[in-house]
Each structure stands twice: as structure tokens, then as C-alpha cells.
Amino acid sequence: SNKDNAGSTFKDIPVNTGPQLRPTDLKISAVTSKSMHLTWSPPVRPPKKYRIVYYPSKGGIPKEVVLDGAVSSLQLSNLTSHTEYLVSVFPIYDTVVGDELRGVTS
């Protein structure tokens, strides 16, 4: 029946992909030797929380910050001077984690 077809078609679509779950436009500003400021545009569907992971691009222990989903900026401090960092922003929903947004400090 048609109902079965619709059901199976819908099931094939993964819940955790799609632009509505992806934050965009990560901007890194106010970079000093010890700190930087991150801002991003929230996904169409606001997440419950964000998980921000950052670590030196040459290798190092990742640090993690969890923010409320209503917030879309973060000040990172206590950084190592003259070090390039990789930054990932993960939107966290009730049942899934959305697509990460990545950036590199220069």
C-alpha cells in the first residue's frame, strides 16, 4: 500500500543530517596570544546545547566547553600563545548530535 512506501522512504532519511541542524558562519575574532572570541550563526532548529571542542592543530589535549543552546558566542581563554587551534562546534539535540562546524585560528 502507499502508506508502507511512505513509511520506508521516510525511514531512509537519517535524522541527524540536513542544513537545519548545522550551525554556520563560524567567526574567530579578538585573537590575542592567550584568548579568542568565537561567534557562529545558529541552525534553523535551535539546539538544546552546544559542545565546543578546541585543541592545538599540531596535536594536544582537546578541551571542551558545553553551552546553552540559546548562546551563539564564546570567549576562549588560557590558550597557548603563538599556537594555531582547531575549533569544532557541535549542536546537541534531544536525540541526535547535528553536523559540526569547524574553524581554524590563524
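Just so it is clear, none of the values below were taken in a lab; they were calculated from the coordinates. Computed from a predicted model, the values in this text were never measured in an experiment. Positions of Cβ are backbone-derived with ideal geometry, glycine not excepted, and every protein chain shown enters the neighbour counts.
The table that follows gives values for the structure above.
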quantity: Distance between modelled label sites at V53 and D94, nm, 7 Å Cα→Cβ extension; calculated: 2.5 nm
quantity: Sparse-neighbourhood loop sites, chymotrypsin sites (Phe, Trp or Tyr not before Pro) in the range 13-106 - DSSP loop, at most 15 other Cβ within 10 angstrom; calculated: none
quantity: Net length gained if the chain between L86 and D68 were fully extended (0.36 nm per residue, minus Cα distance); calculated: 4.4 nm
